[in-house]
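Reading through the structure tokens given below for one structure.
The values are calculated or read from the model by the stated rules, or taken from the named source; none is laboratory data. As the structure is a prediction and not an experimental result, all values here were calculated from the model. Quick reminder, even Gly has a Cβ in these numbers, built from the backbone with ideal geometry, and neighbours come from all protein chains shown. When the accessible area is computed, the model is the full protein with side chains, heavy atoms only, and any ligands, DNA or RNA have been set aside. Shrake-Rupley method; radii C 1.70, N 1.55, O 1.52, S 1.80 Å.
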Amino acid sequence: MTRTLTLTAAVWRTLRDAATRALPREIGGLLLGYFTELGPHVVEARVVPDPRATRIRYQRDAALAERILDSSIRADSTGLVGYLGEWHTHPLPIGPSTTDINASGRLAKVGGHDIALLVLATGSRGWIGHALNLDPAGNMETLRVHVEGTGNDG
Ligand SMILES: [Zn+2]
């Protein structure tokens, strides 16, 4: 069974808006939420700005990402917000690159936990989500992307 990366409608809107505002550059950040047996469930996404981002490059600032993560988890009253992984955009119709996959694989290995990677790429009808799950053992799994309440895939 293919597992699914689920986003709330509000998170998907936030990501799409951030992606569009950043054009023609890439942008990205953190995915927050919780893992279920069906896959990662994203309830919050944060932007980690990269002033040096280009059309083909986004690099997250690790120290800044950690500060944003800490403040997000502290601000959470639901207990449902943990670190799930990373998102960034490709202002091109191209999903996760080898560089993206290797970077997420390293995060999974170093962190000792799964990492979800979501890439928003351009498509014929706007932004399209491409999602992967990387585990600490180096396994990669493609996830379906689902936006809650729309009946549509991202
Ligand atoms: Zn990328």
Across (1) touching a Lys or Arg at 6+ places or on another chain (Cβ under 8 Å); (2) assigned to a strand (DSSP E or B), R25 clears everything bar (2)
From the option list A19, A65, single residue qualifying as in contact with a Ser or Thr (Cβ under 8 Å, 6 or more places away or on another chain) and either buried (at least 17 other Cβ atoms within 10 Å of the Cβ) or closer than 23 Å to T122 by Cβ (or both) is A19
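Would you say S104 is open to solvent by 50 Å² or more (accessible area, probe 1.4 Å) and either more than 22 Å from R46 (Cβ to Cβ) or not acidic (D, E) (or both)? Step through it out loud before you land on a result.
Values: open to solvent by 50 Å² or more (accessible area, probe 1.4 Å): no; either more than 22 Å from R46 (Cβ to Cβ) or not acidic (D, E) (or both): yes.
No, not satisfied.
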Scanning segment 26-55 for residues that are within 14 Å of the ligand (Cβ to nearest atom) and at pLDDT 95 or above, the one most open to solvent (accessible area, probe 1.4 Å) turns out to be I27
Out of curiosity, is T78 exposed (fewer than 15 other Cβ atoms within 10 Å of the Cβ) and touching a strand residue (DSSP E or B) at 6+ places or on another chain (Cβ under 9 Å)? yes
Please verify whether segment 5-16 includes one or more residues that are in contact (Cβ under 8 Å) with a residue 40 or more places away in the chain, open to solvent by less than 30 Å² (accessible area, probe 1.4 Å) and either farther than 14 Å from V147 by Cα or assigned to a helix (DSSP H, G or I) (or both).
yes
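Of all the strands (runs of 3 or more DSSP E) wholly in segment 56-154, which have at least 1 residues that are touching a residue at least 24 places away in the same chain (Cβ under 8 Å) and within 14 Å of the ligand (Cβ to nearest atom)? Working first, answer last.
Working: elements: 82-90, 115-123, 126-134, 140-147.
Passing ranges, in order: 82-90, 115-123, 126-134.
Which members of segment 130-154 meet the condition of being in contact with a helix residue (DSSP H, G or I) (Cβ under 8 Å, 6 or more places away or on another chain) and within 15 Å of T6 (Cβ to Cβ)?
Answer for segment 130-154, where residues must be in contact with a helix residue (DSSP H, G or I) (Cβ under 8 Å, 6 or more places away or on another chain) and within 15 Å of T6 (Cβ to Cβ): L132, V147, E148, G149, T150, G154.
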Of the conditions (1) farther than 21 Å from V11 by Cα; (2) open to solvent by 20 Å² or more (accessible area, probe 1.4 Å), the single one that I73 does not satisfy is (1)
